[in-house]
Every structure is written in structure tokens, then in C-alpha cells.
Amino acid sequence: MKIHEYQARELLHSFKIPVPPGRMIESIQHAGEAFRAAAEGSATGEVVIKAQVHAGGRGKAGFVKIVKNIDEATAAASFMLTNRMKSPQTPPEGLEVKKVLVAQAAPIAKRGTGGSEEFYLAITTDRKTRRNILIASREGGVEIETVAHERPDAIIKVPLHPLLGLQDFAAREVAFRLGFRGRQVPQAMHIMKSLAKLFIEKDCTLAEINPLVLTPPDEQHPDGQVMAIDAKFSFDENGLFRHPEVEGLADHSEENQAEARAHRFGLSYIALDGQIGCLVNGAGLAMATMDIIKLHGVGKGPKGADGKPTDIEPANFLDVGGSATEEAVTEAFSIILSDPRVKGVMVNIFGGIMKCDVIAQGIINAAKNHRNPDGSTGFKVPLVVRLEGTNVDAGRKLLQDAKASLPTLQAGSDLTDAAAKVVAAVAK
């Protein structure tokens, strides 16, 4: 689960990590009032307006703007709230912006070697070592993936102790390696240790500050202040039952609606770009099903702009799990067929805890309840079903008896046969 930047700032503030003051608005009419509040006490008088969407690339897309007066703030908010943001991290049609952050623009100290004092700081899980890890760099404010690829020596990695977390000596060493000196060091250590504490206590999968900045010296902070300017958090959905306060931060309008709908029925669904919908039980079997569809679909699609045949590929990952009900299976079909790109469906069930007759009845129910754009009911796309395991004979009999309401149904004798049949049917 992800949250917006304004929520991330509030979360950082609750763990005593310094962030510039600001507020979220959803209406152009509130831009002036928000600007005045953010500009009050500002060293520069400048305010930053940021679109609140679950995607990166906002700055390059023109959805982060520095403004100096109410007119500029209103114009920036108006632009963002009335245009869709398009970046390499959004769908081609872009994302609708419903919220913007209006925040004080913090001054950033200059480095003696050129550039600004901007840093990267994050905590995530290193799957290789199976430990949480602190990642830091002096190259903040940019895409850290690019830095890691082009200059891996610029990335600092420190594993956290499984029981003690980020210890003082480790935080101090990272602070020195980042170039902090004097009173900056305890500030940086406090932020690192607080971020590590937040990561553990809130069951995060990612806690990222980019950039972490150093402000110019002033009377209150003779060596400058270390503070967070932007932050990103992702949370383990399996741990949300422990954190209702975090779960309440979810913005469901930012999620893929089909994926959110599947989640409500206990289904694991991820939309892809292909033409064959998949309904499978078990994540491993689902991955194998997608692989074999891709294998059989190579060069079987219509010709592309270059005159060469395209590939037929999976349209989704959908795992119904081991305890799905007939209602959930019916809902799974509804979700799959709501995607207009789906030209065929493959069902691949290996019954263990999941019973094949439950799947079969769910398919029959889905066919009866599914309404096509022309108002008719039933499946019009090719449907290939492969059943094996618990209650397989009962499941096959249910489908055979319902053949009249399933005119596009074909049975797959095994995984390879089912994949070949659904690809051939879609290719016609």
C-alpha cells in the first residue's frame, strides 16, 4: 500500500523528523489561503506546489512548481487540478490530479564543489541477505536507480541489526560518509534512527526520503538544519490489520480499480497488457500459466506497424487462492472480462484445498450473470478450462452438463494443451 507525499510528511513529523510546513488542498479556491500559511515565516518567501499522485516524474512533467505570490499559486493549482499528469511512470492517458500539496520551499545550502546539499536516504529489505538495510547517497534529488547503475560507488548500504535496529555507531559512520559535520551529525543520526524505527513500527516495505537536505546556516541552526523535503512510503498489506491508522490513509481512487475490487474478494489480481485472461489457483501455478501462454503466443498475434506478427500474451495475473468461494470465482470472471483487451480466458486449476467442483460452479454462475455490451448474457470469448485434483470428476461433469450455457468452452487435457488451445482460439 502506498500513501501520498503530504501523508508521508505527516508521518515523518509524528516521528520528530523535520519537514517544511504545508497543507493539502483539493480545490483551486483554497490555493491563496494555503499559500499565505506556507509563506509565513519562510526565509525565501517561496512556496512549492506539488501534485499528489502515486507516480514519480512530477517535476519533469510540470507538476511541481515554485511560486512567489498568490496569483502564481492559484495558477499552478489550477493547472494541476484540471490536467492529467503524464510521465514515464504513469499510464499513457496520464493520471487525474485530485489533490495538491502547498508547502514552504526550504532553502538548500550550496556545496563547495558545486551543486546543492541534497541527499538520498531509504530503508528497505535486502532479499539477498534477508535483512533490513539502510541505503544512503550524497546524490539526492535525482532518480537513485540511475545513480546506482552508473555510479554504484556513490551508494552507501548498511544492514540493520535484526534485534537492535540501526545502532548509533552505524548511523554516525553514515553521517560522516555523507559529508555531515559538526552539529549536522546528530541531526542526521536522529533522522536515520527515526526512519528505521518508523520502518519497523509501521510494517513498511519502503521508507524513503529523497531529497534529504541541508539548509544554509541561521541563528537557530548555526551549522544548518538537516530536514526531509520529499518522502515515499510503501506498507506491507499483510501487516495492515495491526495499523488501522495507516490503512485509513489509503487513497483507493489512486489504485487500479479492478485490483482494488479483487482485493475485497480475497483475490490476488494484477492487470497486464495481453489478450488472454488467466484464472489460476496458486501464485507459482499462475506464473507457470503466464509463461506457457507467452511461449505458445510468440508471433501468433496480428501484424504490428512494422509488418511483423505480434505476440499473444497474458492479460492478467489472477490467483484465486486455496479457499475461494463460488462467489469469489464468479467475481474473478467479472473482473477479467471487464478488461476490453481480453479476447480469451484460460482457467488452470490444480485442486488441493481448492475443489474443482467449486471452480466449475463459479464458471457456470459467471456465465449466467455476465452481461455483454450488447445486453446479452454469457461468455462470447473463447474459454479453455483445465481441471485436475480434488473433486475433478464432479467439476468436469458440472461443466459438461452446462455445455449449452458455455458454447465457447474447450477442455484442456493438460497445461500445454490448454495453453495451445486458448492461443489458437484467440489467434483466429
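The values are calculated or read from the model by the stated rules, or taken from the named source; none is laboratory data. From a predicted model like this one, the values you see are computed outputs, not experimental measurements. Every residue, glycine among them, receives a Cβ derived from its backbone with ideal geometry; neighbour counts consider all protein chains shown.
Okay, here's what the table says:
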| quantity | calculated |
| --- | --- |
| Count of the range 47-102 residues which are of a type in the set (Phe, Trp, Tyr) and touching a Ser or Thr at 6+ places or on another chain (Cβ under 9 Å) | 1 |
| Enumerated strands (runs of 3 or more DSSP E) restricted to the range 215-311, each holding at least 3 residues that are farther than 30 Å from Lys197 by Cβ and assigned by TED's automatic domain parsing to the domain that holds Met346 | 268-271, 276-280 |
| Complete set of residues in the range 15-44 that are crowded, with 18+ Cβ neighbours inside 10 Å and aliphatic (A, V, I, L, M) | Ile17, Val19, Met24, Ile25, Ile28, Ala31, Ala34, Ala38, Ala39 |
| Single residue of the range 9-58 satisfying the filter (over 21 Å from the mean Cα position of the chain (by Cα) and basic (Lys, Arg)) that is nearest to Ala75 (Cα to Cα) | Arg36 |
| Residue list for the range 385-414, restricted to those being among the aliphatic types (A, V, I, L, M) and outside any helix (DSSP H, G or I) | Val385, Leu387, Ala402, Leu406, Leu409, Ala411 |
| Thr82 being over 21 Å from Ile3 (Cα atoms), buried (at least 17 other Cβ atoms within 10 Å of the Cβ), β-branched (Val, Ile, Thr) and not assigned by TED's automatic domain parsing to the domain that holds Ser234 | no |
| Answer from Ala328, Ala315, Ala324 - the residue that is touching a residue at least 60 places away in the same chain (Cβ under 8 Å), surrounded by 13 or more Cβ atoms within 10 Å (Cβ to Cβ) and under 26 Å from the mean Cα position of the chain (by Cα) | Ala328 |
| Any hit, the range 287-301, residues being over 25 Å from Ser334 (Cα atoms) and in contact with a helix residue (DSSP H, G or I) (Cβ under 6 Å, 6 or more places away or on another chain) | yes |
| From the options Thr129, Thr90, Thr146, Thr74, residue that is more than 30 Å from Arg177 (Cβ to Cβ), of a type in the set (S, T, N, Q), within 25 Å of the chain's Cα centre (by Cα) and not in a strand (DSSP E or B) | Thr90 |
| Members of the range 45-57 found to be part of a loop (DSSP other than H, G, I, E, B) and buried (at least 22 other Cβ atoms within 10 Å of the Cβ), listed by number | Gln52, Val53 |
| Condition check for Lys16: on the phi > 0 side of the Ramachandran plot and touching a Ser or Thr at 6+ places or on another chain (Cβ under 9 Å) | yes |
| Criterion: closer than 24 Å to Ala103 by Cβ, free of Cβ contacts under 8 Å to residues at least 24 places away in the same chain and more than 29 Å from the chain's Cα centre (by Cα) - qualifying residue of Gln187, Gln220 | Gln220 |
| Any hit, the range 247-262, residues being surrounded by fewer than 17 Cβ atoms within 10 Å (Cβ to Cβ), over 26 Å from Ala122 (Cα atoms), of a type in the set (A, V, I, L, M) and in contact with a helix residue (DSSP H, G or I) (Cβ under 8 Å, 6 or more places away or on another chain) | yes |
| Selection status of Lys16, over 19 Å from Val97 (Cβ atoms) and touching a His at 6+ places or on another chain (Cβ under 8 Å) | yes |
| Matching residues, the range 341-356, being at pLDDT below 90 and either assigned to a helix (DSSP H, G or I) or exposed (fewer than 15 other Cβ atoms within 10 Å of the Cβ) (or both) | Gly352, Ile353 |
| Residue within the range 97-109 that is closer than 30 Å to Glu201 by Cβ, surrounded by fewer than 18 Cβ atoms within 10 Å (Cβ to Cβ) and not acidic (Asp, Glu) present | yes |
